[in-house]
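Trainee: So that we are looking at the same thing, I have put the structure below in structure tokens.
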Amino acid sequence: MGISTRHHGSVIDADGVDTHRALQIVESKQSLDARDRRSGLDVIRQVADRCADDAAEARLVCVETTVLDIDRGEPAVSHVRAALEAQAHVVTANKGPAAFAFHELDALAESVDRRFLFEGAVMDGVPVFNLVRETLPAVAIEGFRGVINTTCNFILSELERGLDFDAALADMQRRGIAEADPALDIDGWDAAAKTAALVNVLMGSVITPHHVSRIGIRDVSGADVRDAMARNRRIRLVASASRQGGKVKARVEPELLGPDDPLAGVTDLQNALYLQTDLLGEIGIVQRSGDLTQTAYALVTDLARLSQRQTAY
């Protein structure tokens, strides 16, 4: 077993890491391993080497939770690739691997008979990907619309109440909901990464966040959202994709929504996603609240799925 962190070092122990002691070390601002600073890739490879028998029996799992890199999805993509090559299952909450390299990593996972799971990449623990993969056989996803960035939605809701943009963003940072670099949220990059992941996984296309037409909320003012409300409208940052002429077009941008649009009622920490299907029409998923607990739950559900598979064997 091994743990690797950016700020607190890493520790590897084939007999199992003492997690209670590890937490105490981290809380005391010490390094988990004062002798050296191993990279995440080093830790993955060393753990896989020491646990080769477990890996061969499909009992090794890599849980990857690095922050989003919007340029290439690294180091998360390399972490996932290395773990799969070492015959470990992979569970990640990072959007990067599905947004930048889903088809490559999915094919690699299949080639070594391992699972690559990432339910926490979009809408925290709400079963978006598993809903389609596990419960909608023979249904094609033709497109989607959604409000899928919690930070932007909260800011817009606070602006409607007459509160300050920067104060609302700071609130999201204090709660740990905003991205490590909040510009990824307010400039629409986080939503673009989620959009790319949804397109790649649910619609079978091959795009990255850089293929998503993107406008964030940086230039949306309190006057803008309050003027919209005065006209019985609401401004929301909407992520969408659709098939046009055999190609998938994806975009993220603030939209002026009428009262009959279900996304207009998505406020505060809520998210929603509406899937357009060929056989079942429109299917909607609404998350009424979201925080780090829901993100952690997504990792637990993916781990539980792996456990169920192992038990079935």
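Trainee: Could you check how many residues of the range 40-65 are among the β-branched types (Val, Ile, Thr), assigned to a loop (DSSP other than H, G, I, E, B) and within 13 Å of residue 109 (Cα to Cα)?
Mentor: 0
Trainee: Those residues that are closer than 21 Å to residue 306 by Cβ, out of contact with any Gly (no Cβ under 7 Å at 6 or more places or on another chain) and not in a loop (DSSP other than H, G, I, E, B), I need them from the range 71-102; list them, please.
Mentor: Quick first cut of the range 71-102, residues closer than 21 Å to residue 306 by Cβ only: 76-77, 79-98, 101-102.
Narrowing further to those that are out of contact with any Gly (no Cβ under 7 Å at 6 or more places or on another chain): 80-92, 94-95, 98, 102.
Result: 80, 81, 82, 83, 84, 85, 89, 90, 91, 92, 98, 102.
Trainee: Identify the single condition in (1) closer than 16 Å to residue 300 by Cβ; (2) in a helix (DSSP H, G or I) that residue 125 does not satisfy, given that it satisfies every other one.
Mentor: (2)
Trainee: Additional query: Kindly indicate whether any position in the range 149-163 is in a loop (DSSP other than H, G, I, E, B), touching a residue at least 60 places away in the same chain (Cβ under 8 Å), within 22 Å of the chain's Cα centre (by Cα) and surrounded by fewer than 22 Cβ atoms within 10 Å (Cβ to Cβ). Steps first, answer last, please.
Mentor: Going through the range 149-163, the residues in a loop (DSSP other than H, G, I, E, B) turn out to be 149, 161-163.
Next, only the ones that are touching a residue at least 60 places away in the same chain (Cβ under 8 Å) stay: 149, 162.
Still in the running and within 22 Å of the chain's Cα centre (by Cα): 149.
Now drop any that are not surrounded by fewer than 22 Cβ atoms within 10 Å (Cβ to Cβ), which leaves none.
Scanning the range 149-163, I find no residue that is in a loop (DSSP other than H, G, I, E, B), touching a residue at least 60 places away in the same chain (Cβ under 8 Å), within 22 Å of the chain's Cα centre (by Cα) and surrounded by fewer than 22 Cβ atoms within 10 Å (Cβ to Cβ), so the answer is no.
Trainee: Quick check, is residue 183 under 13 Å from residue 240 (Cα atoms) and either within 15 Å of the chain's Cα centre (by Cα) or at pLDDT below 95 (or both)?
Mentor: Here the answer is no, as residue 183 does not meet what is asked.
Trainee: Could you give every pair whose Cβ atoms fall below 9 Å, whose first residue belongs to the range 290-313 and is at pLDDT 90 or above, and whose second residue is hydrophobic (A, V, I, L, M, F, W, C) and assigned to a helix (DSSP H, G or I), counting only separations of at least 6 or pairs across chains?
Mentor: Short answer, once both residue conditions are applied: 298/121.
Trainee: Inside the range 164-176, can you point out the residues that are on the phi < 0 side of the Ramachandran plot and either in a loop (DSSP other than H, G, I, E, B) or among the basic types (Lys, Arg) (or both)? Spell out how you get there, then give the answer.
Mentor: First pass over the range 164-176, keeping only residues on the phi < 0 side of the Ramachandran plot: 164-175.
If the condition is that a residue be on the phi < 0 side of the Ramachandran plot and either in a loop (DSSP other than H, G, I, E, B) or among the basic types (Lys, Arg) (or both), then 164, 174, 175 are the ones that fit.
Trainee: Give the residues of the range 30-47 that are within 21 Å of residue 75 (Cβ to Cβ) and either surrounded by fewer than 16 Cβ atoms within 10 Å (Cβ to Cβ) or in contact (Cβ under 8 Å) with a residue 40 or more places away in the chain (or both), sorted by residue number.
Mentor: 36, 37, 39, 41, 43, 44, 45, 46, 47
Trainee: Quick check on my filter: what residues within the range 104-148 are of a type in the set (D, E, K, R) and either surrounded by 16 or more Cβ atoms within 10 Å (Cβ to Cβ) or within 30 Å of residue 264 (Cα to Cα) (or both)?
Mentor: Residues satisfying the conditions are 106, 114, 115, 119, 124, 133, 134, 142, 145.
Trainee: For the range 177-253, which fully contained helices (runs of 4 or more DSSP H) count at least 3 residues that are without any contact (Cβ under 8 Å) to a residue 40 or more places away in the chain and not assigned by TED's automatic domain parsing to the domain that holds residue 67?
Mentor: Once the helices (runs of 4 or more DSSP H) in the range 177-253 are filtered for at least 3 residues that are without any contact (Cβ under 8 Å) to a residue 40 or more places away in the chain and not assigned by TED's automatic domain parsing to the domain that holds residue 67, what remains is 183-186, 222-230.
Trainee: Whether any residue in the range 278-292 is surrounded by 19 or more Cβ atoms within 10 Å (Cβ to Cβ) and under 30 Å from residue 114 (Cα atoms) is what I want to check.
Mentor: Taking every residue of the range 278-292 in turn, at least one turns out to be surrounded by 19 or more Cβ atoms within 10 Å (Cβ to Cβ) and under 30 Å from residue 114 (Cα atoms).
Trainee: Also: Cβ-Cβ under 7 Å, sequence separation 6+ or interchain: first residue in the range 125-145 and more than 17 Å from residue 196 (Cα to Cα) and of a type in the set (D, E, K, R), partner at pLDDT below 95 and not in a helix (DSSP H, G or I). Which pairs?
Mentor: none
Trainee: Take residue 27 and tell me if it is out of contact with any Asp or Glu (no Cβ under 9 Å at 6 or more places or on another chain), under 21 Å from residue 114 (Cβ atoms), surrounded by fewer than 17 Cβ atoms within 10 Å (Cβ to Cβ) and free of Cβ contacts under 8 Å to residues at least 40 places away in the same chain.
Mentor: No, not satisfied.
Trainee: Is it the case that residue 68 is within 16 Å of the chain's Cα centre (by Cα), under 26 Å from residue 286 (Cβ atoms) and in a helix (DSSP H, G or I)?
Mentor: No.
The values are calculated or read from the model by the stated rules, or taken from the named source; none is laboratory data. Remember, it's a predicted structure, so these values are computed and weren't measured experimentally. Virtual Cβ from ideal backbone geometry, glycine too; neighbours counted across all protein chains shown.
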